[in-house]
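Okay, structure first, notes after.
The values are calculated or read from the model by the stated rules, or taken from the named source; none is laboratory data. Fair warning: this is a prediction, and the values are worked out from it, not measured in the lab. Here the Cβ positions follow ideal geometry from the backbone for every residue, glycine too, while neighbour counts run over all protein chains shown.
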Amino acid sequence: MKREAAYIRAGPETGKRVDFVRELRDSLTASDGAPPEEHRLYASETSVPELLSVLRNGSLFAARRLVEYRGAELIKGKEDVGAVAAYLGAPAPDAVLLLVTDQYYLEKGLEEAAGKDRKRTFYEMFESEKPRWISKRLGELGLGIDADGITALLELVENESAALESACERLALVFPRGASLGESEVEAAIARNRQEDAFGLFERIASGELGEALDALDAVLSDRRGDAVQIVSAIIWSFRRLQKLHLALEEGERLESACLKLQVRSKSLQRQLAAAARRFGKADCERAVAFAGSIDARARAMGSAYERILLQLLVYGLVSRKGDLSLSEQAFGPQA
């Protein structure tokens, strides 16, 4: 792949963004003869001057540094935008900077300084792309999979790229390189090795049992299966899907037909979604999305030190109040 000293990585598609970083890392390793030193920084925690210091200070342990700066949409203000834009114009020769955002655009000054050639926008995968992506990813991990195995994986795992990536990596841990997987192997492995993740957390929230939901949250955080922003993003995605189900049912669709249109094929997942719909009406879903969005903004602004308490508040607000809860500025300070 053609390499640049800096990139903007934009858009909500996590899986494709992960693929891009993997290819970039492999390219750097091949050219340098050793892996790059990697840094993952968050704009909510690391200031622009600190970022630039990391980029401009050489490493004693590696020929090159790969620096991800996540939440780059938070780079605001003339001084910070100007400093990063200046860096993009004259980047360090031994570093690669990735300005990462789930949004589609950064501040105009950053977009202009990077230029079109150094921006990569990752749109959500179409449903038709997912089987090919699964086959390719498992191939990279040394596994084969047939059509029935892919269908089973899409039924058992939330059709969101981060969840699919996690499932593929899990299969690579269970089966030896060179194995070929079918429906039975996938079902057995996923069921046996299923760990709590953000989508499992949504199931606990939808059940209405606060204690179980908080226990699930603790499991997700203990296993480090996502930071606050990723967890909230998965919860928002789940409630938006539930909204779509309500809209389809209001238009006269049968439950099974509506679920199939949402790519929910598994009968057990259809039952879970139906149970969630009984507990959370369409208006509840709208409030839940808005409340989760406010938690997301706080998490980005306040950093990892407040991650657990904000997520616990999210779970309480959704289970006990169905999103009908306002964040107090007295408790958390004004929103950034």
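Could you list all residues from the range 67-101 that are surrounded by fewer than 20 Cβ atoms within 10 Å (Cβ to Cβ) and of a type in the set (A, V, I, L, M, F, W, C)?
Within the range 67-101, L74, V81, A83, A85, A86, A90, A92 qualify.
Consider the range 313-330. How many of its residues are under 24 Å from L74 (Cα atoms) and in contact (Cβ under 8 Å) with a residue 60 or more places away in the chain? If you could, list the steps in order and put the result at the bottom.
If we filter the range 313-330 for residues that are under 24 Å from L74 (Cα atoms), which is where we start, we get 313-314, 326-330.
Okay, now just the ones that are also in contact (Cβ under 8 Å) with a residue 60 or more places away in the chain, so 314.
Going through the range 313-330 one residue at a time, the tally reaches 1.
Can you list the helices (runs of 4 or more DSSP H) found entirely within the range 7-113 that contain at least 3 residues being within 30 Å of S135 (Cβ to Cβ), in contact (Cβ under 8 Å) with a residue 12 or more places away in the chain and out of contact with any strand residue (DSSP E or B) (no Cβ under 9 Å at 6 or more places or on another chain)?
Filter on the range 7-113 gives 14-32.
Take the residues in the range 131-162 that are modelled with pLDDT of 90 or more and assigned to a loop (DSSP other than H, G, I, E, B), then tell me which one is surrounded by the fewest Cβ atoms within 10 Å (Cβ to Cβ).
Residue satisfying both the conditions and the ranking: G142.
For the range 203-287, which helices (runs of 4 or more DSSP H) that fit wholly inside it have 1 or more residues that are in contact with a Ser or Thr (Cβ under 9 Å, 6 or more places away or on another chain) and touching a residue at least 24 places away in the same chain (Cβ under 8 Å)?
Numbers: elements: 210-222, 228-250, 255-261, 267-279.
Correct list: 210-222, 228-250, 267-279.
Restricting attention to the range 33-45, does a residue exist that is among the small types (G, A, S), crowded, with 18+ Cβ neighbours inside 10 Å and assigned by TED's automatic domain parsing to the domain that holds L110?
Checked against the condition, which is being among the small types (G, A, S), crowded, with 18+ Cβ neighbours inside 10 Å and assigned by TED's automatic domain parsing to the domain that holds L110, the range 33-45 yields at least one hit.
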